[in-house]
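The values are calculated or read from the model by the stated rules, or taken from the named source; none is laboratory data. Quantities reported herein were computed from a predicted structural model and do not represent experimental measurements. Ideal geometry is used to build each Cβ from the backbone, glycine not excepted, and the neighbour counts take in all protein chains shown. Calculation scope for accessible area: heavy atoms of the full protein, side chains included, ligands and nucleic acids excluded. Shrake-Rupley method; radii C 1.70, N 1.55, O 1.52, S 1.80 Å.
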Amino acid sequence: MRRFAQLYDALDATTSTNAKVAAMQSYFAEAPPADAAWALFFLTGRRLKRLIAPRLLAVWGCERAQVPGWMAEECFSLVGDLAETVALMMDTARTERRAHAEPPSLASLIEGTLLPLREADEDEKRRVVMTLWDSLERREMYLLAKLLTGEMRVGVSETLGIRALAQHAGLPPATVAHRLMGSWEPSAASFAALVRPGVSDADVSRPYPFFLASPLEEEPEALGDRAGWLAEWKWDGIRAQIVRRGGGAFLWSRGEELITDRFTDLSGVWAALPEGTVLDGEVLAFSGDAPMPFSVLQRRIGRQKLTPRILEEAPAAFMAYDVLEHEGRDDRELPLRERRALLERLVAGRSSRLLLSGSVEAASWEELSVLRRGSRERGVEGLMLKRWDSPYRVGRPRGDWWKWKIDPYSIDAVLVYAQPGHGRRATLMTDLTFAVWSAGELVPVAKAYSGLTDEEIDELDRWIRQNTIERFGPVRAVKPVHVFELHFEGIAESSRHKSGIAVRFPRISRWRTDKTPEQADTIESLRALIKSAGREGRDRG
Amino acid sequence: MIVDSPQGLFCPGGPFHLDPLGPVQRAVITHAHGDHARAGNAAILCTPQTAALVKRRLGEGTVIEILEYGERRRIGEVTVSLHPAGHMLGSAQVRIEGPAGVWVLSGDYKREPDPTCAPFEPLRCDVFVTEASYALPIFRWDSAASVAAEIASWWQGNARKASLLFCYALGKAQRLLAELARVTERPVFVHGAVEPFAEIYRAAGVRMLPTRLIGEERSFAGELVLAPITARGTPWMKRFRAFESGFASGLLRIRGTRRRRGFDRGFVISDHADWPGVLKTIRETGAQRVLAMHGHRDALVRWLREAGVDAAPIGLAAPPLDPEGD
Ligand SMILES: [Zn+2]
Ligand SMILES: [Zn+2]
């Protein structure tokens, strides 16, 4: 764990990408594989679930450091991070400095001590934490606090972590990224498998890393000749890959979740696809010849059981837009033009639930802009622009795939306050306030009234009434548990808001039941949106 | 024997002010930092080392009466002596003996060893007036030697860039030069605000790394440069094409400080007493009453009272935590 703490500090201590990669690379070279596996887990943005509420950890820290609660509050208001406050208090209270004591290794700490705490009661957790504190130095206590509260974040992007591991293993980053896809679990063996030589992989179920589009920040004219680009509608569903190999079929979401069983009504699609095929596309609820709103699909995902009624209400379809593997061959390096031709042949006439994401025909960028304005009526989010000459890349490199959305901004925020709405909704809690993270605290950033279905409104209303933690007049503070994706038209600095940020026309886009509050956005990510807002604002349709 | 006045702490038995906020007739000065030694006083009393630094800062015209550490001087109805505070060269605690017993004003102080000044001398007293710049139970300093090693390795790692280390020009800069002299012999480039004080430190016998005043050099690749924070963002910075910036201060104990202030690196080193230092010092004075000033004085006072110590705040309402010369 000491080595990992050193890596954490080294990453924190530099803003240079090369220095970060070098630090990770030498860590991978030196650390035992079991530790390296867990380090990689965090370096690629994976998280452990919260084991202990930060408040409880603070109470124990106060007790051990013999600091009264009010004093801890005083310290917290200066530090702004509860885990760090606890670590600093503990470090200050130590009677002797014993940096020489050997802390547990990262893997044995997590696997041997922390994960078993999931089953433990509060007394047991307390006993274990107190014992651990004795053997750790300051930054290790800080990391422990972050691990316990599920807030362990390392200052690198997943792409950078993968690049470092690829350099360490002497492999192309795409190979490492591919091996990390799907249900990768950290262990010495799985780490060894990641870095083993050779680029062909045996695991039949594994999808390819997704190629992600970047938001278009200029007028499309800047992309050059219209003829060089494929335009498609931007579908509002679940991005997914169908992997048809080894006699089986696997449907992977972009979140690297295997969702094959959630879409039994697509079984005809994979049955119809030839062996050795991988398609990239979007799972949609699709009725007649039009996509249904995302909320319909989401309601279906939320159900434990797929009843015939649900299948009828929200019939799924796979909207294919790329082919990554054909006849068992990795075709990602082919130019889009060729992959497209292949895709058209593969998809045609196979199944009524397998659709081709068609090319949006428009001779000029101007004509395309006109079509884009009709996005909302079509139930799509705007347009995708893909360079005809481009290979299928890994991650989010800029330049070949652009999303040209009508509602350009989107954040994940936590519901913190609710109050009754007006008019028809006066009896229901529909006036909602959402917050994002700032230095370990949730700061309100937006109010939104619309976007949920009536069913969701009823469900949320019940939940709010049962989970109110404080009341100020009609306003209820609720447990910060639920995450919602908000879309909005604009974002700017504002001195009138506590967060320093104002968003324009926020709407609730979806209830992210798949996300924990820790996964909500931070004030920093909102500031980054402001930075690009000046440029992006112009192409709002 | 020490009371608040519009011009800061005041000893009516003298009468004289202590580190006054504005011009007064007679002042006792604990040390040469700007928030303690201000211009415009008719006469000041301080240690010889402080006198040299104050003359440099405020000009030769200042009327200065010198008092060596431990030397006693009768002023009015009290007897005053100055004792090492361990904060910086010449820094002193003020001991005042009079009809109301023995009072000690700590001035700025720290308990960690510092090669640039005499170590803090614990004094028994009835009333102890302590600074509280870092008096919260999250502040505890690592050894300066380990911080110097961190700085040295950062410097060494920046072979193709300048290592631009910001710190207070008086006190912290010289302490860093002295601490670094234990791990290297390489010369250090310094901003014009640092060098004159370094000369005075050298004259006082402090061993430090050789310094070079920044002049017309074109390249600072691989060099360490010490500069005051006030130089940040000024045209003076234009000469550095490739650099990493560091900041040396006790405030860096809090991780977010570095990011909030936009430095690449933070080094936690302070010339003020940390939490264990403040508590230990209060204990050692044996004082029945403690008065706290600066920084987190209100938190310290409440904590002491809850521990059964007679305590109260004194001086200005706590200024924001960014003590000069920290
Ligand atoms: Zn001061
Ligand atoms: Zn000072």
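Just B:ARG297, B:ARG124, B:ARG261 to compare: in a GNM of chain B, with alpha carbon springs under 10 Å, which one fluctuates most?
Answer for the Gaussian network model of chain B: B:ARG261.
With a probe of 1.4 Å, find how much accessible area the range A:70-140 has per residue, and write the answer as a whole number in Å². Please report the intermediate quantities before stating the final value.
Numbers: 3280 Å² over 71 residues.
Result: 46 Å² per residue.
Looking only at the protein assembly as shown, where both bridge partners belong to it, what percent of the DSSP beta bridges are antiparallel (to the nearest 5)?
Rounded to the nearest five, the antiparallel share is 65 percent.
What figure, in Å² to the nearest 10, do you get for the accessible area of A:GLU185 with a 1.4 Å probe and non-protein molecules left out?
Its accessible surface works out to 130 Å², give or take rounding.
At a probe of 1.4 Å, how much accessible area disappears from chains A and B on forming the pair, both sides counted, to the nearest 100 Å²? Each step should come with its number before you reach the end.
Values: alone 24970 and 13570 Å², together 36260 Å².
Summing both chains' loss of accessible area gives about 2300 Å².
Between B:ASP310 and B:GLU65, what length in nm is gained on full extension when 0.36 nm per residue of separation is reduced by their alpha carbon distance? It would help to have the intermediate numbers written out before the result.
Numbers: separation 245, 0.36 × 245 = 88.20 nm, distance 3.46 nm.
In short, 84.7 nm is gained.
Note the direction-averaged projected area, equal to a quarter of the hull surface, for the Cα convex hull of the protein assembly as shown, in nm².
On the way: hull surface 166.5 nm².
For the protein assembly as shown, the mean projected area of the Cα convex hull comes to 41.6 nm².
Just to be sure I understand: with springs between alpha-carbon atoms less than 10 Å apart, which residue in B:ARG160, B:ARG241, B:ARG260 has the highest mean-square fluctuation in the Gaussian network model of chain B?
Sorting by GNM fluctuation, first place goes to B:ARG260.
Check each residue of the range A:71-95 and keep those whose accessible area, probe 1.4 Å, is at least 50 Å² smaller with all protein chains in place than in the chain alone; give them in order of residue number.
A:MET71, A:LEU78, A:GLU84, A:LEU88, A:THR92
How much of A:ASP12 can a 1.4 Å solvent probe reach, expressed as accessible area in Å² and rounded to 10?
60 Å²
What's the FRET efficiency of A:SER187 with A:SER157 using the Cβ-Cβ distance as r and R₀ = 22 Å, to the nearest 0.05?
On the way: r = 24 Å, r/R0 = 1.07.
That gives a FRET efficiency of 0.40.
Taking 8 Å as the Cα distance limit and 6 or more residues as the minimum spacing, I'd like the relative contact order of chain B as a percentage.
Numbers: 748 pairs, mean separation 55.9, N = 326.
Relative contact order of chain B: 17 percent.
Stretched out fully, how many nm does the piece from A:SER16 to A:ALA363 gain, at 0.36 nm a residue minus the Cα gap?
Numbers: separation 347, 0.36 × 347 = 124.92 nm, distance 4.38 nm.
Extra length from A:SER16 to A:ALA363 when fully extended: 120.5 nm.
Measure nothing fancy, just the Cα-based angle from helix B:275-285's long axis to the longest principal axis of chain B, in degrees from 0 to 90, nearest 10.
Once rounded, one gets 30 degrees.
Evaluate E = 1/(1 + (r/R0)^6) for A:LYS447 and B:VAL3, where r is the Cβ-Cβ distance and R0 equals 56 Å; express this FRET efficiency to the nearest 0.05. Walk me through the numbers on the way to the answer.
On the way: r = 53 Å, r/R0 = 0.94.
After rounding, the FRET efficiency stands at 0.60.
If you stretched the chain out fully between A:GLU218 and A:ARG337, how much longer would it get, using 0.36 nm times the residue separation minus the C-alpha to C-alpha distance? Can you show the working numbers first?
Values: separation 119, 0.36 × 119 = 42.84 nm, distance 2.42 nm.
In short, 40.4 nm is gained.
Short version: which residues of the range B:128-159 lose at least 20 Å² of accessible area, all chains versus chain alone, 1.4 Å probe?
Residues of the range B:128-159 that lose at least 20 Å² of accessible area once the other chains are added: B:LEU136, B:PRO137, B:ILE138, B:ARG140, B:ASP142.
As I understand it, the dipole of chain A uses +1 on the Cβ of Lys and Arg and -1 on the Cβ of Asp and Glu, about the Cα centre. Which of A:LEU342, A:LEU132, A:VAL380 lies farthest toward its positive end?
A:VAL380
Show me the ranking of peptides A:460-468, B:218-226 by mean Cβ neighbours inside 10 Å, starting with the highest. Mind showing how you got there, number by number?
Details: A:460-468: 15.9, B:218-226: 18.8.
Per-residue mean Cβ counts within 10 Å order the peptides as B:218-226, A:460-468.
Using a 1.4 Å probe over the heavy atoms of the protein chains, calculate the carbon and sulfur portion of the accessible area of the protein assembly as shown as a whole percent. Walk me through the numbers on the way to the answer.
Numbers: 18440 of 36260 Å².
The nonpolar share, carbon plus sulfur, comes to 51 percent.
Provide the FRET efficiency to the nearest 0.05 for the A:GLN304-B:ARG283 pair, computing r from the beta carbons and using R0 = 60 Å. Walk me through the numbers on the way to the answer.
Numbers: r = 63 Å, r/R0 = 1.06.
Efficiency, rounded to the nearest 0.05: 0.40.
Any of B:LYS55/B:LYS110; B:LYS55/B:LYS172; A:LYS531/B:LYS172; B:LYS172/B:LYS280 with alpha carbons more than 26 Å apart? Name them for me.
Values: B:LYS55/B:LYS110 24 Å; B:LYS55/B:LYS172 19 Å; A:LYS531/B:LYS172 37 Å; B:LYS172/B:LYS280 23 Å.
Check vs 26 Å cut-off fails for A:LYS531/B:LYS172.
Just B:ALA231, B:ALA148, B:ALA273 to compare: in a GNM of chain B, with alpha carbon springs under 10 Å, which one fluctuates most?
Looking only at B:ALA231, B:ALA148, B:ALA273, the largest GNM fluctuation is found for B:ALA231.
Let me have the 222 nm mean residue ellipticity of chain A computed from DSSP H runs of 4+ only, each contributing -39500 (n - 2.57), with the sum over all residues rounded to the nearest 500.
Details: 19 runs with 196 residues, N = 541.
The per-residue figure over chain A is -10500 deg cm²/dmol.
Mind pulling the angle between the C-alpha long axis of helix B:48-58 and the longest principal axis of chain B? Nearest 10 degrees, somewhere in 0 to 90.
Computed tilt is about 70 degrees.
Give me the accessible area per residue for the range B:144-267, probe 1.4 Å, as a whole number in Å². Intermediate values should be presented prior to the final figure.
Details: 5220 Å² over 124 residues.
I get 42 Å² per residue for this part.
For chain A, what is the relative contact order in percent, using Cα pairs closer than 8 Å and at least 6 residues apart in sequence?
Values: 947 pairs, mean separation 66.6, N = 541.
Dividing the mean separation by the residue count of chain A yields 12 percent.
In debye to the nearest 20, how big a dipole does the range A:293-334 give about its Cα centre with +1 on each Lys and Arg Cβ and -1 on each Asp and Glu Cβ? Numbers along the way, then the final one.
Values: 7 positive and 8 negative charges, 121 e Å.
Using Cβ point charges on Lys, Arg, Asp and Glu, the range A:293-334 gives about 580 debye.
Other chains' Cβ within 10 Å of A:13-20 residues: what's the mean?
Across the residues of A:13-20, the mean count of other-chain Cβ atoms within 10 Å is 3.
Rounded to the nearest whole Å², what accessible area per residue is found for the range A:374-459 with the 1.4 Å probe?
Details: 3600 Å² over 86 residues.
Accessible surface, normalised per residue, equals 42 Å².
Name all residues of the range A:302-317 having a backbone nitrogen under 13 Å from the label point set 7 Å from the Cα of A:SER287 along its Cα→Cβ direction, giving them as ranges.
Of the residues in the range A:302-317, A:309-316 have backbone N under 13 Å from the label point off A:SER287.
Would you mind working out the magnitude of the charge dipole of chain A relative to its Cα centre, with +1 at each Lys and Arg C-beta and -1 at each Asp and Glu C-beta, to the nearest 20 Debye? Please report the intermediate quantities before stating the final value.
Values: 75 positive and 78 negative charges, 90 e Å.
Roughly 440 debye for chain A.
Does the range B:144-267 come out rounded, prolate or oblate by the C-alpha gyration tensor, with a ≥ b ≥ c the root eigenvalues, rounded set by a/c under 1.5 and, if not, prolate when a/b is larger than b/c and oblate if not? Don't skip to the answer; put the middle values down first.
On the way: a/c = 1.35, a/b = 1.12, b/c = 1.21.
The shape class here is rounded.
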